[in-house]
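The values are calculated or read from the model by the stated rules, or taken from the named source; none is laboratory data. Given the structure is predicted, the values throughout are model-derived calculations rather than measurements. All Cβ positions, glycine included, derive from the backbone under ideal geometry; neighbour counts span all protein chains shown.
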Amino acid sequence: MLREFANDWAFFSKSLIQILIQRGHSAEAELLKSSSIRVEETDWDNWNGGMPVYTVFVEVTIQKFAELQHDLNTIESLLSDASLLLKRLYSPHVVNFSIIPSSAASGDIKVLKELIGQQKHLMISVSTGGPKIEAVQAEYAQRRSRIAELLRDFGLDDPNPFSDLWQWYAKWSTDIPKWAPRRKYIADLYQPLLDALDSLENSDISLPPATGWERVDRILAPMPAMIAQGRNEEDFQAVGHKCREAIISAAQYVYQNSMAIHLETTPSSTDSKRMLDAFLTDSLPGESRKLSRRICNSAVDLANELTHRRSATQFDAKLCYESTKSVVALVHCVHANCQKKVGDPAMDYDDIPF
């Protein structure tokens, strides 16, 4: 009796890791072991009577994602190839792999703030007559490593430049002779980060859902942290630029050259409005297409306007991000629905990015 893939991930993943190790791909096997994995049915393949398409989302830290960014396609192809050995055990299906940056949980923010508070207390204590550095050096280093690890998940940086307490000693003994200024120095050092974490914790901005479109997910995932950490007009203008890039990337995923028949001229590779117009004309009936096109055009205009607004605010950035996220979700929904219902014999399904 054939197994059902959707309900059998534990066995599948264990077997896949063993296959990777036997093939000499220990790094990829370790990546699966150390990552958060989730499986979703993301599409439908109409070939040979139809079968579900599953995407295995391999969630890694922002730092790890950045390290792998030039090898993502190679690793995903390697994982897909190794999984073919297990395909005969299951009912007909298609499996794709997508490596994406993880979204940190709100609970991690509370942990982070506690750890930062403890680190601040320790740094102030050793510099104001408290414990000897030798007695707390290991505690400081261990906590510093944990803070950096959690911050990576939010796309944030540790503002503390002191890799050990002796470096902090060199700073305070040379440049900060009195106790009160030392306390203020540490408070000021961490305050911008704590403000960013407060903004994330209290924000009404929801994290973007993973689409399986690698470039789109990579652009959108760190944006809540970008908005929370923004301090000036240029920071918020940068959100507009990122939103524009996310929409362009989504349009590039769904647009095909054959859709240009709906336009007077072929759109450029960055003309998201016209690419999406052609896609929606090809995919939706009249009134639905008109309304969806208005939504997409408004989001593009909002992103472009924010990019050039010299008085950009955090609220402007939030509005632009939410608009972009909605458009990406709309385009993804239409595309998935079209593939499931109709199928496209001209489409190379191995190139569908989810």
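For the reader, a short list of remarks on this structure follows.
- Looking across region 324-343, just one residue is within 16 Å of residue 226 (Cα to Cα) and either modelled with pLDDT of 95 or more or loosely packed, with under 14 Cβ neighbours inside 10 Å (or both), and that is 324.
- Residues being of a type in the set (Lys, Arg), assigned by TED's automatic domain parsing to the domain that holds residue 335 and either surrounded by fewer than 16 Cβ atoms within 10 Å (Cβ to Cβ) or at pLDDT below 95 (or both) are represented in region 219-235 by at least one member.
- The number of residues in region 156-196 that are of a type in the set (Asp, Glu) and either assigned by TED's automatic domain parsing to the domain that holds residue 218 or not in a helix (DSSP H, G or I) (or both) comes to 3.
- Any hit, region 138-155, residues being among the polar types (S, T, N, Q), modelled with pLDDT under 95 and in a strand (DSSP E or B): no
- Residue check for residue 227: β-branched (Val, Ile, Thr) and within 18 Å of the chain's Cα centre (by Cα): yes
- Of the strands (runs of 3 or more DSSP E) contained entirely in region 1-102, those carrying at least 1 residues that are surrounded by fewer than 14 Cβ atoms within 10 Å (Cβ to Cβ) and modelled with pLDDT under 85 fall at 36-45.
- Residues that are surrounded by fewer than 20 Cβ atoms within 10 Å (Cβ to Cβ) and of a type in the set (S, T, N, Q) within region 119-159 comprise 125, 128, 137, 142, 145, listed in sequence order.
- Residues in region 234-287 that are among the β-branched types (Val, Ile, Thr) and more than 20 Å from residue 216 (Cα to Cα): 4 in all.
- All positions within region 209-223 that are outside any helix (DSSP H, G or I) and either hydroxyl-bearing (Ser, Thr, Tyr) or under 13 Å from residue 239 (Cβ atoms) (or both): 211, 222
- Hey, residue 266 β-branched (Val, Ile, Thr), part of a helix (DSSP H, G or I), farther than 22 Å from residue 211 by Cα and in contact with a helix residue (DSSP H, G or I) (Cβ under 9 Å, 6 or more places away or on another chain) or not: no
- Residues of region 275-294 that turn out to be surrounded by fewer than 16 Cβ atoms within 10 Å (Cβ to Cβ) and either touching a residue at least 24 places away in the same chain (Cβ under 8 Å) or not in a loop (DSSP other than H, G, I, E, B) (or both), as a count: 6
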